[in-house]
Amino acid sequence: MRQVVRQIKERSKVELQSKDIKYQLWRLDDAEFRKLRKNSLPIKDDHMFYIHLYLSKNEREDQLNLAQIFLTLTHLLGESSDWIDDWKGSFSFTVLLIVEKVQGKFFYLVDIYDNRGSINFSLYRIVEAEVEGYDNQILREPFELEFSRQEINYFISYFIGYLEGYFHSVRSLMPVEQFFKRIDSNNILYGYKDEQYFEEQYADQEAYQSAIKNLESMGTSSITSQNVNEILQTITSEIVEL
């Protein structure tokens, strides 16, 4: 269930439950994520699990493409972070994940991002108490009694399934303008044009650059690019003369 919580500022929140585990996902801004990251321990990825996810993407016709995933995440969690690897990816949504089990509540950071055309989830166990001497850069195996590897993989699969169901439920209510985004490392373009969501990968740079020029000539904008004048206008319009 999606919520918008009023604190000092509005914050998106998603609540889920499956297999006797409750999940709360609270959207974080970049500053909050960086502060909490300093007090968290990175969890190793399960690379075979991600390979399986990538392969399954091509096996099911109803699975969401990158454009649909991006817009669904944006609708649920707000705008993407600007802190991305814009060579290999195009979006990043950082959240605080609270895992509530019979044993207690456990706090994790999650970065939901795309990498070379695939969706990824980086997890970090938040250290709630001050602990001296731990290295917050060393990858660690999951804490099995809190959030095991099996439970992590299940959560990722469950959340992706939730995104699919959410998209198909509210797609008619999501306002969409023509746009495209690019993943230069793999010559991938995705977006929305002619009332269709698209995702295409090109065999060579020439075809890739030609497709970008064609999209731009149609008036389709790349929402990864920033309008400097709009940013300056936003900043200066907030100045109040005393």
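Picking from Ile112, Ile69, Ile43, which residue would you name as being more than 30 Å from Tyr202 (Cβ to Cβ), modelled with pLDDT of 95 or more and not small (Gly, Ala, Ser)?
On the way: Ile112 fails: more than 30 Å from Tyr202 (Cβ to Cβ); Ile69 fails: more than 30 Å from Tyr202 (Cβ to Cβ).
Of the residues listed, the single one that is more than 30 Å from Tyr202 (Cβ to Cβ), modelled with pLDDT of 95 or more and not small (Gly, Ala, Ser) is Ile43.
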Strands (runs of 3 or more DSSP E) contained entirely in the range 157-229, each with at least 3 residues that are closer than 27 Å to Leu53 by Cα, at pLDDT 90 or above and not hydrophobic (A, V, I, L, M, F, W, C): 188-193, 196-201
Would you be able to say whether some residue in the range 160-169 is under 23 Å from Asp62 (Cβ atoms), touching a residue at least 12 places away in the same chain (Cβ under 8 Å), touching an Asp or Glu at 6+ places or on another chain (Cβ under 9 Å) and surrounded by 14 or more Cβ atoms within 10 Å (Cβ to Cβ)? yes
Residue, modelled with the lowest pLDDT, within the range 1-15, restricted to residues that are among the charged types (D, E, K, R) and under 18 Å from the mean Cα position of the chain (by Cα): Arg2
It is to be established whether one or more residues within the range 67-76 are more than 20 Å from Tyr162 (Cβ to Cβ), assigned to a helix (DSSP H, G or I) and out of contact with any Ser or Thr (no Cβ under 6 Å at 6 or more places or on another chain). no
Enumeration of residues in the range 61-74 that are in contact with a helix residue (DSSP H, G or I) (Cβ under 9 Å, 6 or more places away or on another chain) and either free of Cβ contacts under 8 Å to residues at least 24 places away in the same chain or buried (at least 19 other Cβ atoms within 10 Å of the Cβ) (or both): Leu64, Gln68, Ile69, Leu71, Thr72, Leu73
I'd like the full set of residues that are outside any strand (DSSP E or B) and either exposed (fewer than 10 other Cβ atoms within 10 Å of the Cβ) or free of Cβ contacts under 8 Å to residues at least 12 places away in the same chain (or both), limited to the range 104-133. Ala129, Glu130, Val131, Glu132, Gly133
Quick check: anything in the range 63-81 closer than 29 Å to Gln196 by Cβ, over 16 Å from the mean Cα position of the chain (by Cα) and not basic (Lys, Arg)? yes
Anything in the range 181-209 that is over 23 Å from the mean Cα position of the chain (by Cα) and surrounded by 18 or more Cβ atoms within 10 Å (Cβ to Cβ)? List them, or say none. Tyr208
Which of the residues belonging to the range 29-59 are of a type in the set (S, T, N, Q) and over 19 Å from Ser92 (Cα atoms)? Asn39, Ser56, Asn58
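Here is a yes/no grid of residues against (1) at pLDDT below 95; (2) buried (at least 18 other Cβ atoms within 10 Å of the Cβ); (3) within 14 Å of Ile112 (Cα to Cα):
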{"position": "Gln17", "(1), (2), (3)": "no, no, no"}
{"position": "Ile21", "(1), (2), (3)": "no, no, no"}
{"position": "Leu25", "(1), (2), (3)": "no, yes, yes"}
{"position": "Met48", "(1), (2), (3)": "yes, no, no"}
{"position": "His52", "(1), (2), (3)": "yes, no, no"}
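The values are calculated or read from the model by the stated rules, or taken from the named source; none is laboratory data. Note that the structure is a prediction, hence the values are computed from the model and not measured. A quick note on method: Cβ atoms are made from the backbone with ideal geometry, for glycine too, and the neighbour counts reach across all protein chains shown.
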